[in-house]
1. Do any helices (runs of 4 or more DSSP H) entirely within region A:226-297 hold 1 or more residues that are in the same structural domain as A:Ile196 (by TED's automatic domain parsing), in contact with an Asp or Glu (Cβ under 9 Å, 6 or more places away or on another chain) and not small (Gly, Ala, Ser), and if so, which?
2. Take region A:158-174 and flag every residue that is farther than 15 Å from A:Gly75 by Cα, not polar (S, T, N, Q) and not in a helix (DSSP H, G or I).
3. Modelled with pLDDT under 95 and assigned to a strand (DSSP E or B): does that describe A:Lys110?
4. Identify, from the list A:Ile131, A:Ile111, the residue that is surrounded by 21 or more Cβ atoms within 10 Å (Cβ to Cβ), touching a residue at least 60 places away in the same chain (Cβ under 8 Å) and among the aliphatic types (A, V, I, L, M).
5. If we scan region B:127-134, do we find a residue that is more than 13 Å from the chain's Cα centre (by Cα), among the acidic types (Asp, Glu) and within 14 Å of chain A (Cβ to nearest Cβ)?
6. On the given criteria, is A:Met183 facing another protein chain (nearest Cβ under 10 Å) and buried (at least 21 other Cβ atoms within 10 Å of the Cβ)?
7. On the given criteria, is B:Ile149 over 28 Å from B:Val52 (Cβ atoms), crowded, with 24+ Cβ neighbours inside 10 Å and either hydrophobic (A, V, I, L, M, F, W, C) or within 14 Å of chain A (Cβ to nearest Cβ) (or both)?
8. Is it the case, given these coordinates, that B:Ala226 is of a type in the set (Gly, Ala, Ser), away from chain A (no Cβ under 14 Å) and touching a helix residue (DSSP H, G or I) at 6+ places or on another chain (Cβ under 6 Å)?
2 protein chains.
Amino acid sequence: MSEQIYVGVDLGGTAIKVGICDAEGKLMHTYEGPTEVPLGPETVINNIEKYVRHIVEESPYDWEQVAGIGTGVAGFTNVKEGIVILAPNVGFKDVPIRSILEERLGKPIKIDNDANVAALGEAWSGAGAGIDHCVCYTLGTGVGGGIIIGGKIVQGFAGLAGELGHMSVIPDLEAIQCGCGQMGCLETVSSATGIIRMAQDAVDRGDRTSLSLVEKLTAKDVIDAAKAGDEVAARIVSRAAFYLGKSMAAIAVTLNPERFIIGGGVSKAGEFLFEQIRETFAKLAPEPVKQGVTIVSAELGNDAGMIGAAGLFLRS
Amino acid sequence: MSEQIYVGVDLGGTAIKVGICDAEGKLMHTYEGPTEVPLGPETVINNIEKYVRHIVEESPYDWEQVAGIGTGVAGFTNVKEGIVILAPNVGFKDVPIRSILEERLGKPIKIDNDANVAALGEAWSGAGAGIDHCVCYTLGTGVGGGIIIGGKIVQGFAGLAGELGHMSVIPDLEAIQCGCGQMGCLETVSSATGIIRMAQDAVDRGDRTSLSLVEKLTAKDVIDAAKAGDEVAARIVSRAAFYLGKSMAAIAVTLNPERFIIGGGVSKAGEFLFEQIRETFAKLAPEPVKQGVTIVSAELGNDAGMIGAAGLFLRS
């Protein structure tokens, strides 16, 4: 029999990225086209179908070689039923995407949310390749996560495992309310949004910082200022790093993973951020569960979604 | 073929409990004999062999029906290699118990630590029967734990998953050092030892409490006093309950389990304790991950170890 290939679809609000992977998680061909959210779910689904057919046609592979098509969606998904429950960025609400795509494409379809799929991609052929137990953080607008045990995504009872941004790690005295309604969630300090919020607070209260000269603050501005020696900015980045390390210590005693993988925009701060996370983790995790544990940067960047989506067939 | 049976061994410091289970986790026969730790590991292993052969002989089953023998040990175990690394209560250090017992008994042997095995027993045929994702706490001298995902024990990278007693959940301002060296571990307040320690502190500093009249404080004394309306005792029990609920909120966002199961001596405090745990969990866990989640008492008591050990063959 000829080699089987797996198609991964990363369904985002702006673009649909489609990739072809082999059985080892190697991304061999990619294609990207507009999602066209304003035209409605029907158009978005048509586009997925079109781009998937297109990439296979343009590739050296035959349609018969496609063993399955996985799709990662930024939103709440019901993995078992194959339904996108709510994905505001894509304009989907209760869309039974699996059955629709299965009928149109005549191939097995699997879906999952973007954080899980990105985690699986990294675990499969990125920073977690060869590692059975890893926990992935995505530091972006929020803090997302994905838990990989025995090489597979942990879904949880209601498909909500890996909501690491909502672990309450901040002491009451300094906690603020999170968008989720709870107090002291990790996301309130370790996301890009959290970093910008802390910086804006500092500027507003008149702290002496170079950030007060910046027109529209971004997390990158804060990180760059911190690296350049701005003390106020450095404290903010340290705080983001500290609570990440603290949450990892809690996860270490629960799951004893071998590797923590951190991706997303904020992770681009690089070693400046990672060293502080590792320091906190080393300080707060009990001796046995931190032995041999590594905290590393994600490697696949924006490809993680496509690769992980393709991996849903081999690793879930 | 005749029905297969599974033997579970609960290897403790005082007694070795042996049970026969069917493939559904029903405990059908039990036998208990002394461990005889002072006579050395050789004698302890002889006893295991003797008791296992004895219970099968006395049962209506034939030796041929024994599909496997599982053993739970209070200590550090290397599950993959089948070695008890360190079990002070049993006097074992680097004992390759699996290969020894396999040679002597001519049956497949599996081992795991007592907390994992008890969790598996509860998940299989106790308070977690029919539940795929559950997290078990054992509140005894320390706080032990076991994580069951997809009906199976999560081991972690180094076999240390489920060390829930060492999750740091207590704010710095009120944290004390744990035996593990870290500050603020759950175990420092929610174990029997923690409850006794808090009560002794209260007595020593002259708090007005009925506990000052008790000769040698036990956790039961503190719980009974709390139930009887002693305010100092009530605060201590509330504190134990609060941090349990807080740790569950952290686990809920990480793993999204369906059920938390609490066993061990302290759990005998019953609804008085459970209501406070549920209240805290409901307050601290974000809405979606707490929906449908239950917090219940363990059901199997001391049988959990035997049943879970037998279950290692079907659920690991």
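The values are calculated or read from the model by the stated rules, or taken from the named source; none is laboratory data. The structure presented is a predicted model; accordingly, all values stated were derived computationally and were not measured. Because the Cβ atoms are built from the backbone with ideal geometry, glycine has one as well, and the counts that use them run over all protein chains shown.
1. Values: elements: A:231-255, A:271-284, A:287-290.
Per the criteria, A:231-255, A:287-290.
2. Selection gives A:Met167, A:Val169, A:Ile170, A:Pro171.
3. In short, no.
4. Going through A:Ile131, A:Ile111 in turn, just one is surrounded by 21 or more Cβ atoms within 10 Å (Cβ to Cβ), touching a residue at least 60 places away in the same chain (Cβ under 8 Å) and among the aliphatic types (A, V, I, L, M): A:Ile111.
5. The answer is yes, given that some residue of region B:127-134 is more than 13 Å from the chain's Cα centre (by Cα), among the acidic types (Asp, Glu) and within 14 Å of chain A (Cβ to nearest Cβ).
6. Numbers: facing another protein chain (nearest Cβ under 10 Å): yes; buried (at least 21 other Cβ atoms within 10 Å of the Cβ): no.
So A:Met183 fails the test.
7. Numbers: over 28 Å from B:Val52 (Cβ atoms): yes; crowded, with 24+ Cβ neighbours inside 10 Å: yes; either hydrophobic (A, V, I, L, M, F, W, C) or within 14 Å of chain A (Cβ to nearest Cβ) (or both): yes.
Answer is yes for this residue.
8. yes
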